[in-house]
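Visitor: Before we start, here is the structure in question, set down as structure tokens.
The values are calculated or read from the model by the stated rules, or taken from the named source; none is laboratory data. Quick caveat, the model's predicted, so the values are computed rather than measured. Backbone-built Cβ (ideal geometry, glycine too); neighbour counts: all protein chains shown. Calculation scope for accessible area: heavy atoms of the full protein, side chains included, ligands and nucleic acids excluded. Shrake-Rupley method; radii C 1.70, N 1.55, O 1.52, S 1.80 Å.
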Amino acid sequence: MINNNRHHSQFQLALQRFRGNKTAMACVFILGFLYFSAVFAEFLSPYSYKDEQRQYSYCPPTPVHFFDQGRLTWPYVYGLQLSFNEFYKREYVTDVNTKYRVKLFASGESYKLLGLIPTRVHLLGVESPGRIYLLGADSRGRDIFSRLIFGGRVSLSIGLIGVLISFTIGLLIGGAAGYYGGRVDNYLMRLCEMVIMFPGFYLLLALRSAVPDDFNSVQVYFAIILILSFIGWASLARIIRGMCLSLREREYVLAAKSLGVNDFHIITQHILPHTLSYSIFAVMLSIPGYILGESALSLIGLGIQDPFASWGNMLSDAMSIVRIKFAPWILWPAFFIFLTVICFNIIGNVLRDCLDPNLKGN
Amino acid sequence: MILLELKNIKKYFPIKRKSWGGQGAFVKAVDQVSLSIYPGENVSLVGESGCGKTTLARIMIKLIQQDSGSIKLEGQEVANLKGSKFRKFRKDIQMVFQDPFNSLDPRFTVFHILKEAMTLEKVRYRHFRDQEQRIKELLAAVDLPVNILNRYPHEFSGGERQRIAIARALVLNPKLLILDEAVSSLDVLIQDQILKLLQELQDKFQLTYLFISHNLKVVRRVSHKIAVMYKGKIVEMAATQEIFQNPLHPYTKELLSAAIEYKSVRRSEDINIHPNAQLVEKEKGHFVLDV
Amino acid sequence: MWVYILKRFLVAIPMILIMALATFLLMGSTPGNYLDTIRMDPQVSEETIGYYQHLYKLDRPLLEQFFYWIKNLLRLEFGYSFHYNVPVTRIISARLLNTFILSFASFVLTWAVAIPLGIWAAVHRNQWIDRLIQLFSYIFLSLPSFFIAMILLYWASQTGVLPLGGMYGPDYDQLTLLGKIGDILTHLAIPTVALSIGSIAALQRIMRGNMLEALGQKYILTARAKGLPENKVVYHHALRNAINPLITLLGYEFSSLLSGAALIEIICSWPGLGSLMLTAVRSKDIYLVMTSMLMGGVLFIIGNLLADILLVKVDPRIRYD
Amino acid sequence: MNETLLTIKDLSVTVHDGSEKKILLNRICLDVPSLSIVGLVGGSGSGKTTTGLAVLKLLSPALKIDDGEIIFQNENLLKIALSKLQQIRGKAISMIFQEPLQAFNPVFTIGYQIEEVLVMHTTLNTKQRKEKILSLLDKVGIKDPKRVAGNYPHQLSGGMRQRAMIAQAIAVDPRLIIADEPTSNLDVTLQARIMELFLQLRDELKLTLLLITHDLGMVSHISDRVAVMNQGQIVEQGITKEVIENPQQEYTKKLLGNIKF
């Protein structure tokens, strides 16, 4: 017997193995940073998501200079002049003699930090006539960097809330089907198959069409979450049902029954904890589905409506090749979708390997 | 006074036939079995896989409902016990399962595993002090060190886990302990230790054992009476010495010669079992199934 | 065998009907219907709206409309598309074929690339090749398909190598049969690649996992103990077992292909069921939505059934019951 | 006793999982005289299976054979080329495993898997191979060879599968069969029948059998020589009768104590 004083349950051992994996921890850190920035979006972004400056449409990212004639100074930005070249195409000429210092904790648009504290402080900003577009501007001159942070708030939260809803439904239905079996199991599984059976996107469109058109963006946001979780719960239910079926036969469940432990306790003490610890990786692997689902819907104009920002509807701007050619920076949201999705995928897969050492692929 | 009396217990499992109906065939898992277990007299149910011994054991402990037949615990019918009477039944009969790696919940510490066994005696073990005291007493009884309370099952070997399972079964001071192949998945030497431990525990806790096994050799040392099961029926039942010295039923002879001398008995045709053959007492306390 | 297929269809029919009913109710329950949009158009007189209303029974309660639709369905009359003013079947059959072409092309590409890649990665486990493939599979698994489509279109626009979406070239009609096929293939390239990259990565990982599991089984030890050469052990004994679970995946892969295809069709303006569905949903063209939903469901059931039959042929342990 | 068919000299095997290095076999020496049955007995984890697998170099890559020789027909099996070793595997030396359901490939019929050995090691044509398979299955006591040849492993009973496994092992008249716990999963009566089959085949086909098991009782009844293993070492080895009558080692006494009557 190993007799070190700290004793770890298999689940804690799995977490230790997870912490040992550097890439997985890096992903956790990246996601943590993204979610953190989503929560403090107003503070971190120089401008609000709907702050338009039409004359700066598709303005390229403004370079930040640290050296003034060779000397290190406080970072500053040059002013921009709009002019049209011979093909009447918009061009931005940097106006060397107007300089705007980049200010930390500059005062900008007022907002309520975390919805409570009214304040005007933004992490960085530039005096009013000057504009700082760290990652360039979109068609209506809105700062892409700010909209990215606000968009993150939508795309990232949809993943989490959607998975929570579909996981709870999946747990209830999968658990009931798995534990009671027989006819209950049969009907519930037919129901699951029906939902899985239909091609997701058609279902998405059909359900989306059921949402009345006069919904404002917040209502649409919740409608999308409901739609996505309606499509998602079935596959989770099947995984959980499979687990419950096998757990129910385990001898320690029979032992508990013979010790007079009632059904409720057996489910909450023996069946559910196992299902939860094992379905974590299934949850992690299904979050990308929600994020991509929302992006797809917004991309074709059925998701989050302008002026609200989400990574999907920011990308709809990039649907035309011409715009990509002249303003490639409008593709930034796709990078962040990719980054979030790859982090969840890596974390999900590493978790699965840690939880089932014998299932290890390599 | 009989501790546990079974009167022609029947349990048939339908074989899944094609759905267009017709009289489906049945597997006669347990076919009219009667058995009486007296306090202090260990009985062994020996038979090969598929003879129904595990199903019978799970019926005794009411994990499975029998189709027909009565079970009496200390003279009291068990079928429709309710409330406190049913709880008393649960306390008096406990079971130790076969697979040590499957009978303990990997998420529970040793303390939690044994504490769960106290659910039926919440009053007596209300305070942590009483619980800990009882658990320590039991761990000592099964020769396990006392400092393992917050350890997890995966930190123990097969033999140690089986000792924890035995301790768990003893928490409620049962009268009858059913050991369903409790030693067959263990290593030869560890099997030996567990059987010795069970003999010590029998005197200390006035227990009666019911061994379920597929091998006569293993149960020989610990059982007073042996019942040989074949195709859901008890084909022969007698004192251990009697079974080993003069087996009467052809199947028992075959079982014995294979287990002891590794010689198979050349049998011309299959041993046929008359559907409602009964046990007949050929000699004093030696019952054989009449053909 | 045929009893099994019959049974599968009998089970599938009610499922589709329930799904159709659910969609019908959903579509119907939202305020406004197709005719509202026509009302805004001044040229259309009141009587024609009344006429259409009566013809399509739009004025009747929802359930009645549904049964009316079902009645037509039995007569293979799928109803009328308001938007295109033609019987629904005519539009859908062409679009269905296009979606099928795209899905099938992507399916072939996925399986042709992912299976050998998965086997190769499993056989060279933990060597740098395997690590490299695993890295790429993570990346391609996470790249959203619409993003890949956009980038490919952008690349095509810069290099002019491939057409920028659509299905037929401008001079499609004058081309010979061979020319036509070539033209469609060039148009097919970008959407197929965009659609397949994600599923190639996913399938490759599954194939690798299955191969590793099969290689760890006892019968591989027996095969070696029989003196069989290494490649016979790996590519015959292990591969045969590793393929089976993929066949079951075939059924579900088909449905994810259909839904994935829809999005790519819209981006690459490929005239498939997906883009049709989008316009139908936008303009609340109920019968068009219903029928394309139906077709999507039927396509999926057939795909699923084919996968199950194939599985029974491949894996003897599975019987029909 | 006639000359030895197989000699294992100072075989040492270690495993490298993660950081530490564990010794699985520590200088194993074992002689297998031809036409004899040698019992290799030990508890789980004693290294008896590793020894059996090492003979045909079937150990998993994680295990390393540090040194030692395995002399068979005066060749060191550890040193010869893989292609040459593949000539011996299944032809001169064949193996039988514990769990026939897992040891047979589930998606091929029994007949096909036996035929593979014939294709590999003989020049029989298709018809001759078919007949050979049926005669093999009949020789191992399978009543309906035709049906069994066409069946898949999961369609047979435990005893039937093990007999098919034996048929596959004797397909090309091997000199030595290494059987790793051939009967542990079978019921007692079936176990006895399979043991009798081994004895009958040993005499009929002039076979030598290395029987690996944990059941000292079975070995004491059947094998000519016995070797007792514990924690990767052969603790005691000799003629079965002598070892059973007066065991020298403590561990053997303990093992014997368990089966005395």
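Visitor: Beyond 32 Å between alpha-carbons counts as too far, so tell me which of B:Lys10/B:Lys217; B:Lys62/C:Lys7; B:Lys72/B:Lys115; A:Lys257/B:Lys282; B:Lys115/B:Lys196 fall in that bin.
Guide: With Cα atoms farther than 32 Å apart: B:Lys62/C:Lys7; A:Lys257/B:Lys282.
Visitor: Here's another thing I want to ask about it. Give the Rg (one decimal place) followed by the Dmax (whole number) of segment A:23-125, computed from C-alpha coordinates and expressed in Å.
Guide: Cα-based Rg and Dmax for segment A:23-125 come out at 17.7, 53 Å.
Visitor: Pop out the Kirkwood hydrodynamic radius of chain A from its pairwise C-alpha distances, inverse of mean 1/r, in Å to one decimal.
Guide: When all Cα pairs of chain A are included, the Kirkwood radius is 23.7 Å.
Visitor: Indicate the residues belonging to segment B:71-101 that lose 50 Å² or more of solvent-accessible heavy-atom surface (probe 1.4 Å) upon moving from the chain alone to the assembly of all protein chains, ignoring ligands and nucleic acids.
Guide: Correct list: B:Phe97.
Visitor: Select from A:Ile266, A:Ile337, A:Ile161 the residue whose mean-square fluctuation is largest in a Gaussian network model of chain A (Cα-Cα springs shorter than 10 Å).
Guide: Taking springs between Cα atoms under 10 Å, the residue moving most is A:Ile266.
Visitor: Still on this model: I'm a student and want to see the number: the projected area of the Cα convex hull of segment B:196-252, averaged over all directions, in nm².
Guide: Taking the Cα atoms of segment B:196-252, their convex hull projects to 4.3 nm² on average.
Visitor: Using a Gaussian network for chain D with springs between C-alpha atoms less than 10 Å apart, which of these wobbles most: D:Ala149, D:Ala192, D:Ala169?
Guide: D:Ala192
Visitor: P(r) of segment B:113-185 in 10 Å steps, Cα pairs, percent per bin?
Guide: 18, 53, 27, 3
Visitor: Moving to a separate point now. Output the Kirkwood hydrodynamic radius of segment B:139-230, Cα pairs only, in Å rounded to one decimal.
Guide: 14.1 Å
Visitor: Can you give the calculated 222 nm mean residue ellipticity of chain A, where each DSSP H run of n ≥ 4 adds -39,500 (n - 2.57) and the sum is split over every residue, rounded to the nearest 500 deg cm²/dmol?
Guide: Helix-only estimate at 222 nm: -18500 deg cm²/dmol.
Visitor: Starting from one equal scatterer on each C-alpha and no solvent at all, send me the Debye-based log10 I(q)/I(0) for segment C:222-311 at q = 0.11, 0.24, 0.25 Å⁻¹, two decimals.
Guide: Debye output, listed in q order: -0.50, -1.08, -1.12.
Visitor: What is the average number of partner chain Cβ atoms found within 10 Å of a Cβ in A:341-350?
Guide: Across the residues of A:341-350, the mean count of other-chain Cβ atoms within 10 Å is 3.
Visitor: Separate question: Please state the relative contact order of chain A as a whole percent: Cα pairs under 8 Å, 6+ residues apart?
Guide: Relative CO of chain A lands at 20 percent.
Visitor: May I pose another question? Are there residues in segment B:248-264 whose accessible area shrinks by at least 20 Å² when all protein chains are included rather than the chain by itself, and which are they (probe 1.4 Å, ligands and nucleic acids not counted)?
Guide: B:Glu254, B:Ala258, B:Ile260, B:Glu261, B:Tyr262, B:Ser264
Visitor: May I have the convex hull volume per residue, in Å³, for the Cα set of segment B:20-83?
Guide: Dividing the Cα hull volume of segment B:20-83 by its residue count gives 136 Å³.
Visitor: What is the mean number of Cβ atoms from other protein chains located within 10 Å of the Cβ atom of each residue in peptide C:143-153, rounded to a whole number?
Guide: Per residue, the number of nearby Cβ atoms from other chains is 6 on average.
Visitor: Restricting everything to alpha-carbon atoms, can you work out Rg to Rh for segment B:1-135 with a Kirkwood hydrodynamic radius?
Guide: 1.05
Visitor: Hey, another quick one. Send over the Kirkwood Rh of segment A:69-226, from the inverse of the averaged 1/r over different Cα pairs, rounded to one decimal Å.
Guide: Kirkwood radius, segment A:69-226: 21.3 Å.
Visitor: Tell me, what is the 1.4 Å probe accessible area of A:His8, in Å² to the nearest 10?
Guide: 40 Å²
Visitor: Which shape class, rounded, prolate or oblate, goes with segment C:152-287 when its Cα gyration tensor gives a ≥ b ≥ c as root eigenvalues, a/c under 1.5 marks rounded, and past that a/b bigger than b/c marks prolate?
Guide: Prolate, because a/c is 1.5 or more and a/b exceeds b/c.
Visitor: Moving on to the next point. Among the aspartates and glutamates, which have Cα under 17 Å from the Cα of D:Lys139 when same-chain residues fewer than 8 positions away are ignored?
Guide: D:Glu115, D:Glu131, D:Asp173, D:Glu196, D:Asp203, D:Glu204
Visitor: Another question, if that's okay. Kirkwood Rh and Cα-based Rg: tell me the resulting Rg over Rh for segment D:62-191, rounded to two decimals.
Guide: 1.00
Visitor: Right, next: Interface size between chain A and chain C, please: total buried accessible area, 1.4 Å probe, rounded to the nearest 100 Å².
Guide: Approximately 4200 Å² gets buried when A meets C.
Visitor: Calculate the mean, over all residues of peptide D:213-223, of how many other protein chain Cβ atoms lie within 10 angstrom of the residue's Cβ.
Guide: Neighbouring Cβ atoms belonging to other protein chains average 2 per residue here.
Visitor: Continuing with this model, one more query. Using every alpha carbon pair in segment D:4-257, what percent of pairs falls into each 10 Å bin from 0 up to the bin containing the largest distance?
Guide: 7, 30, 35, 22, 6, 0
Visitor: Sort C:Asp130, D:Asp31, B:Asp270 by heavy-atom solvent-accessible area, probe 1.4 angstrom, most to least.
Guide: Final ranking, largest accessible area leading: B:Asp270, D:Asp31, C:Asp130.
Visitor: Ok, one more. Given bins 20 angstrom wide, list per bin the percent of all Cα-Cα distances in the protein assembly as shown, short to long.
Guide: Distribution as computed: 9, 30, 33, 20, 8, 1, 0 percent.
Visitor: Further question on the same structure: Stokes-Einstein at 37 °C, 0.692 mPa s, Kirkwood radius from Cα pairs: D for segment A:147-359 in µm² s⁻¹?
Guide: Diffusion coefficient, whole number: 174 µm²/s.
Visitor: Using a 1.4 angstrom probe on the protein heavy atoms only, could you order C:Arg8, A:Arg208, C:Arg131, D:Arg175 from most to least accessible area?
Guide: C:Arg131, D:Arg175, C:Arg8, A:Arg208
Visitor: Taking chain D as the reference, fit the longest principal axis to its C-alpha atoms, fit the long axis of helix D:110-121 to the helix C-alpha atoms, and give the angle between the two in degrees, 0 to 90, nearest 10.
Guide: The answer is roughly 80 degrees.
Visitor: Another question about this same structure. Quick one: buried accessible area between A and B, total over both chains, 1.4 angstrom probe, nearest 100 Å²?
Guide: For A against B, buried area totals roughly 2600 Å².
Visitor: Two decimals, Cα atoms only, Kirkwood Rh: what is Rg/Rh over segment A:116-164?
Guide: 1.09
Visitor: Working from Cα positions, state the angle (0 to 90°, nearest 10) between the long axis of helix B:250-261 and the longest principal axis of chain B.
Guide: 60 degrees
Visitor: Please give the direction-averaged projected area of the C-alpha convex hull for segment D:131-205, in square nanometres with one decimal.
Guide: Quarter of the Cα hull surface area: 5.0 nm².
Visitor: How large is log10 I(q)/I(0) at q = 0.08, 0.15 Å⁻¹ when the Debye formula is applied to the Cα atoms of chain B, each weighted equally and without solvent?
Guide: -0.38, -1.20
Visitor: Compute the angle between helix A:217-249 and the longest alpha-carbon principal axis of chain A, please, reported from 0 to 90 degrees and rounded to the nearest 10.
Guide: Value to nearest ten degrees: 30.
Visitor: Give me the accessible area of A:Cys244, 1.4 Å probe, in Å² rounded to the nearest 10.
Guide: A:Cys244 exposes around 0 Å² with every protein chain in place.
Visitor: Now for a different question. Dividing the convex hull volume of the alpha carbon atoms of segment A:258-327 by its residue count, what do you get in Å³ per residue?
Guide: 126 Å³
Visitor: Over 18 Å apart: what share of the alpha carbon pairs of segment B:167-280 falls there, rounded to a whole percent?
Guide: 57 percent
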